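Input: a single structure, listed below in structure tokens.
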Amino acid sequence: MFKPFVECLSHYIMAIPILYPENRRIIIWDIIAILSKLYFLYLIPLELAWTNQSLMFNRYYTPTIIMLIILFFDFLIGLNTAYYNAGSLIIDRVDIFKH
């Protein structure tokens, strides 16, 4: 029953190209993703410290939503980006997903 759905989904997943970590666009994207992570690294402790004010979802609502979207896309890009393991490039999708 699920076999046609799984085959169709795997066909679409295999159509997405593998991204390589030395690509200039991936490096720029990683810098943007790091900035997003640093945003939350700074703001979450402030959110927890001052419980009477909601900083993330009241005062900084728009930047927080933008940073969450960046993190979501970073997750999706990470699932399609090859990585190095012991000096060899891993491009197998199953291994990338496990990593």
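Each reported figure results from applying straightforward, stated rules to the coordinates on display, with no laboratory input. What you are looking at is a predicted structure, and each value in this text was computed from that prediction instead of being measured. Because the Cβ atoms are built from the backbone with ideal geometry, glycine has one as well, and the counts that use them run over all protein chains shown.
Some observations on this one:
- The range 2-25 and the range 44-99 have Cα centres separated by 20 Å.
- Helix-only mean residue ellipticity at 222 nm for the chain, each DSSP H run of n ≥ 4 adding -39500 (n - 2.57), per residue, nearest 500: -21000 deg cm²/dmol
- Its relative contact order, with pairs defined as Cα atoms under 8 Å and 6+ residues apart, puts the chain at 29 percent.
- Summarising the amide proton neighbourhood of Thr81: residues at separation of 5 or more, or on other chains, whose placed amide H is nearer than 5 Å comprise Leu19.
- Average 1/r across all pairs of distinct alpha carbons in the range 28-82, invert it, and you get the Kirkwood radius: 12.0 Å.
- Spin-label proximity, Ile13 to the range 75-91 - amide N less than 19 Å from point 7 Å beyond Cα toward beta carbon: 75-83, 90-91
- Helical segments meeting 27 Å axial Cα length and Kyte-Doolittle 0.5 threshold in the chain (DSSP H): 24-49
- Calculated P(r) tail over 20 Å for the chain, as whole % of Cα pairs: 55 percent
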